[in-house]
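The values are calculated or read from the model by the stated rules, or taken from the named source; none is laboratory data. Being a predicted model, the structure only gives us computed values, none of them experimental. Every residue, glycine as well, gets a Cβ built from its backbone with ideal geometry; the counts of neighbours run over all protein chains shown. The area values use the complete protein model at the heavy-atom level, side chains included, leaving out ligands, DNA and RNA. Shrake-Rupley method; radii C 1.70, N 1.55, O 1.52, S 1.80 Å.
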There are 2 protein chains.
Amino acid sequence: MTSETHVLSGDDLLAQLAALDNPHRLRIVAALASGGRNYVSQLARDLGISRPLLHLHLQKLEAAGLVSSQLELSQDGKALNYFAVTDFKLELSPALIATAAQTLSTPE
Amino acid sequence: MTSETHVLSGDDLLAQLAALDNPHRLRIVAALASGGRNYVSQLARDLGISRPLLHLHLQKLEAAGLVSSQLELSQDGKALNYFAVTDFKLELSPALIATAAQTLSTPE
DNA sequence: GTCACATGTCAACTAATGTTGACACATGAC
DNA sequence: GTCATGTGTCAACATTAGTTGACATGTGAC
């Protein structure tokens, strides 16, 4: 195995920040962290938001690697898409940002 | 002295995330972290963005407590507004978010 | 006075994001 | 078959954020 620490690119950092910069998405992460894994419709009911909206937010969180999904079949045959939070750990400091900003791909 | 650690509110966390969720603002923090304090017009030239735009971004960063400003007079009498980065340190994890999300003030 | 530099602010436009409601599809229970 | 549950997607609208250019202010040097 490699002992190499994954170096966060500026774009990845930005994607993670963008994913967390939203009260709904903070609550989604919080709900999954506290209550454990859950499937979309149930989570929408728990949080009191519409399913399409939750779906889009989960999509953004998953694209940033902060949550993961797994499609399963319930005993009565329904397809349930379970989401769980990744145990990410992001150390945000001026030094880290200075490093990550060097690999930002924003032309102008 | 108190050994109390400052507890981050959900709204403060969200403000800091919102402040960093932008390529320009990441570059601003990076420039101040690497090159030290700087005043608005010079920083705008260094980064290649317009001064009004930089002003708005600095405003948002300062509101989140990530940078601080200090108005000074140059030797030839010009008023220079110097900005410096705060040495913030934000440990972003599911557990922290679960805690902070409890104090989010977003009604609906 | 004019010029060059610094500061900030404002309205107006563009671009990105969030949100909703309706749609289509599949399954088991009745 | 119908109903209730689950899945996803899409166009359309509402809201927010980003960006620009012009404006007003101040100073010292010439």
> Under the condition of being small (Gly, Ala, Ser) and surrounded by 12 or more Cβ atoms within 10 Å (Cβ to Cβ), which residue from the stretch A:1-16 is farthest from the other protein chains (Cβ to nearest Cβ)?
Replying inline: A:Ser9
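Determine whether the stretch B:84-105 contains at least one residue that is away from chain A (no Cβ under 11 Å) and open to solvent by less than 20 Å² (accessible area, probe 1.4 Å).
The answer is no; no qualifying residue exists.
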>> With the requirement that a residue be within 8 Å of chain B (Cβ to nearest Cβ) and touching a strand residue (DSSP E or B) at 6+ places or on another chain (Cβ under 6 Å), what does the stretch A:17-55 give you?
In response: A:Val29, A:Leu32, A:Ala33
> Out of the stretch B:32-79, which residues are in a strand (DSSP E or B) and either open to solvent by less than 30 Å² (accessible area, probe 1.4 Å) or more than 11 Å from DNA strand D (Cβ to nearest atom) (or both)?
Replying inline: B:Asn38, B:Tyr39, B:Val67, B:Ser68, B:Ser69, B:Gln70, B:Leu71, B:Glu72
>> Cβ-Cβ under 8 Å, sequence separation 6+ or interchain: first residue in the stretch A:80-99 and closer than 17 Å to B:Gly36 by Cβ and touching a residue at least 40 places away in the same chain (Cβ under 8 Å), partner open to solvent by less than 50 Å² (accessible area, probe 1.4 Å) and within 16 Å of DNA strand C (Cβ to nearest atom). Which pairs?
In response: A:Ile97/A:Leu13; A:Ile97/B:Leu20; A:Ile97/B:Leu26
